[in-house]
Amino acid sequence: MFGIKTKIKRKIFELIDGKFLVSESKVQKLMHHFQADEYGHRANFERADLGYGWIHYGFLRTIKPKNVLCVGSRHGYIPAVLAQACKDNGFGHVDFVDAGFGLEDDSHWTGEGYWKTNEGKSVFLRFDLQNFITLHVMKTTKFEKISRKKIKYDYIYIDGDHSYEGALRDYELFWPMLREGGFISFHDISIKGKKPEGDYGVWKVWKKIAKKNAISLDFLGSGLGILQKKTN
């Protein structure tokens, strides 16, 4: 009987609100659609648990950003969560940048070339997020060059090149594009050492840039660090 009441209540909420958080089935659909990562993002499909996704989603629902930048994703899980948060806020937009490298490229960092495929280019449309996210299949250096004078971001998420040089370059490229008071976050701040895809160095970058008041979630899986650009 309790299970039936719960299902009825869930359906009522879906009819009233239609928003992402109130429907477990919608959470699972997004996780499946964009291939949520159990290790890297602590996600659990059976429990409809977004893992790190909850942090990003809740953060964006709270700060209500106008402009969001996401760098890198294997199949779009975190960019989709960011776009869903903007959609549920009723405004805001995500620029998602990925070079689209696959296993044939030495700089793939577990990428699978997905964003150069027709499926990758249309995947956000299939989930009705197309009005809240734009895919840019290019290197971060090119994106920064064409965008630096046009926009300031409220939230930036970095999960691209995981070498020390690559992660530091992305930080140096996009820190000036972050507005004062805005937030920048790095994924995989806990992974150290050489892996088949390369020598991880995000942790070194994080150690170098993290200030006294930075939030460092290095005890959760591969780690997440969030840093605010303080106002003068």
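Readers should treat all values here as calculations from the given coordinates under stated rules, not as data from a laboratory. The model shown is predicted, which means the values in this text are computed figures rather than measured ones. Here the Cβ positions follow ideal geometry from the backbone for every residue, glycine too, while neighbour counts run over all protein chains shown.
Just a few scattered comments:
- Virtual spin-label span in nm between Trp175 and Glu119, 7 Å along Cα→Cβ: 3.9 nm
- Long pairs among Lys207/Lys230; Lys116/Lys195; Lys204/Lys229; Lys145/Lys192; Lys208/Lys229; Lys26/Lys87, criterion Cα-Cα beyond 23 Å: Lys116/Lys195; Lys145/Lys192
- Distant-in-sequence amide H partners of Tyr153 (H built 1.01 Å from N, under 5 Å): Leu178, Arg179
- The range 162-232, dipole about Cα centre (Lys/Arg Cβ +1, Asp/Glu Cβ -1), debye to the nearest 20: 300 debye
- If the segment from Lys192 to Ala214 were pulled out straight at 0.36 nm per residue, it would be longer than the present Cα-Cα gap by 5.9 nm.
- Net length available on complete extension from His33 to Lys66 is 9.4 nm, with 0.36 nm assigned per residue and the Cα-Cα distance removed.
- Which labelled figure in (1) 17.7, 59; (2) 17.0, 51; (3) 18.0, 55 is Rg and Dmax of the Cα atoms in Å, once derived from the coordinates: (1)
- About the Cα centre, charge dipole magnitude for the chain (Lys/Arg +1, Asp/Glu -1 at Cβ), debye: 960 debye
- Packing, as the average of other Cβ atoms within 10 Å across residues, places the peptides 71-84, 137-150 in the order 71-84, 137-150, highest first.
- Dipole-positive endmost among Phe91, Thr134, Pro79 within the range 48-163 (Cβ charges, Cα centre): Phe91
- Only Cα pairs under 8 Å and 6+ residues apart enter the sum, and on that basis the relative contact order of the range 34-228 stands at 19 percent.
- Of the beta bridges in the chain, as assigned by DSSP with both residues counted there, near 40 percent are antiparallel.
- Under the combined filter of DSSP loop state and at most 15 neighbouring Cβ atoms within 10 Å, the range 152-232 retains these GluC sites (Glu not before Pro): Glu197.
- At R0 = 25 Å, FRET efficiency that the Cβ-Cβ distance of Thr231 and Lys145 yields, to 0.05: 0.40
- Residue with peak Gaussian network fluctuation, the chain [Cα springs, cutoff 10 Å], from Gly160, Gly90, Gly102: Gly90
- Summarising the amide proton neighbourhood of Leu217: residues at separation of 5 or more, or on other chains, whose placed amide H is nearer than 5 Å comprise Leu224, Gly225, Ile226.
- Springs between Cα atoms under 10 Å define the GNM used for the chain, and in it the highest mean-square fluctuation of Leu30, Leu135, Leu125 occurs at Leu125.
- Protection proxy ranking of 46-57, 113-124 - average other beta-carbon atoms within 10 Å, highest first: 46-57, 113-124
- Options Ser25, Phe219, Gly182, ranked by Cα towards positive dipole end of the chain, top entry (Cβ charges): Gly182
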